[in-house]
Every structure is written in structure tokens, then in C-alpha cells.
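The values are calculated or read from the model by the stated rules, or taken from the named source; none is laboratory data. Note that the structure is a prediction, hence the values are computed from the model and not measured. For neighbour counting, all protein chains shown are included, and Cβ atoms are generated from backbone atoms with ideal geometry for every residue, glycine included. Calculation scope for accessible area: heavy atoms of the full protein, side chains included, ligands and nucleic acids excluded. Shrake-Rupley method; radii C 1.70, N 1.55, O 1.52, S 1.80 Å.
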Amino acid sequence: MSHILIEMMRNLLLDEGDSVQVQSVSVPVATFSKFEPQNVEFLDISNPKAVLENALRNFACLTTDDVIAINYNDRIYEMRVLEVKPGNAVSIIECDMNVEFAAPVGYQEPERRPNTAASAATQSAEDEEEHSVLSAAAVAAQGSDGYLAFQGAGSRLDGKKKNLLTPLKELVQNVELKRGIPDYNYEPGYIKYWRKNTARSATPSDAADSGSFDAFQGEGTSMRQSKSKK
């Protein structure tokens, strides 16, 4: 008479009282094993490899397609042996064995939903960058001799307030921008304020003002009328 685990009896399709023929064989030492949990609840274990290592101390060997039971936190987790190396049956006594896990039975990969918040933030950042570039182009065009037409706001006959301003992209697309000339004499620590002086044509008043200036040389006018002598 022999006493064996209920899981082993299930694997051997045995019932209580059945006859079993036992044969002694020599199996190689295990180097690799892969297990498949039979329930997705196995994923709730924080450190499954440590739990499996502790449970395998109660076993002497593993065979491909065997199902072993692990008792952890008052629950029974069943594991199916998918693969073992270097043979179909291996010894796990005092061995250095690499362990891998397959996806549990009934496990489904979570659906990856697009991150709408991140995409909206990215789009907003791109819009801000484009607006800053267009604003800089508009300022550069005004600073040069370029002319930006239709910069004012419009009015609609239906009284709506939508699309009354021309986009900057349309304003600057036909403007020829002139590249600035860098200041090669720049010295760190000094700030220079450049002013653009536009030459104007000479006027008669400028010609009159070009001579010497004498104050109070004009003729005055009296508000009191002079009395005529009789």
C-alpha cells in the first residue's frame, strides 16, 4: 500500500484502491522548466517565482504535461508543466533550474486605448509652436519693408463673430522676409538699442530753418486800437 497526492492520482487517472506498478528509472537533472497557471488569479501573487520555488521543494521530479498544485495563502493554484529540459522527465533535487511562466489559461491582453490627454497636449504644443513661429515671421516682416495686408478684423452681414481675423499663416505666406545682419562688434555686458532712421525729402520749411535763428524777431499785434487825434 502506498499514499500519493491527489494531484498525482488525477494525473495517473487512479482511484482509491487501484493497483499501481512502480518502476525505478534514472532521469537527468533539470536545467529549464516552463509552467502554465491554470487560473488568472495566479497573477495576483506578488512574487510567483519565490512561491513556486518554495512549493517545488515537495517534489522530486517533473514530467511534461504534469499538473502540480501549489498551496499559497489558503488557496490552491494549479500549474501545468509545459516544458522541461534536458528531457521529458527531469529531477529537481539540488539543481540550478531556470523557470519561466506562460500566460495563464483564460488570460486576455488588455486593450491599449489611445491616450487622448497626451495627444491633445501634443497637438496644443504644436499649435503654440506654429503660432509663435508665425508671430515671429509677422514681426520680422513688419520690421523689414514687408507689408502685411488685411491685418484688421472683419464684419459679417449675419452678425456672427466667427472667423473675423485672417490667420497669420495666410498673412505671412506672400511676404518676402529679409534676413537680419548680425552685430559682429558685439561685446558681452553691453546692450545697444538700434533705431532705424528713415531719410525724408527736404521741404521749404526745412530750407528756411537751415539758416541762423534769432529769437523774437517777428512783428507783434496790439489788441488795443490806437485813438485817432482830432
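Observations on the structure shown:
- Sites listed here are chymotrypsin sites (Phe, Trp or Tyr not before Pro) in segment 2-81 whose DSSP assignment is loop and whose Cβ has at most 14 other Cβ atoms within 10 Å: 59.
- Summary value for segment 24-101: 51 percent relative contact order, contacts being C-alpha pairs under 8 angstrom separated by 6+ residues.
- 3J(HN,Hα) along segment 27-42: 10, x, 6, 6, 10, 8, 8, 9, 10, 10, x, 8, 8, 5, 5, 5 Hz, from the Karplus curve 6.51 cos²θ - 1.76 cosθ + 1.60 with θ = phi - 60°, whole Hz, x for Gly and Pro.
- Accessible-area value, residue 44, 1.4 Å probe, nucleic acids and ligands omitted, Å²: 120 Å²
- Two-site FRET efficiency, residue 64 against residue 6, from Cβ-Cβ distance with R₀ of 22 Å, rounded to 0.05: 0.60
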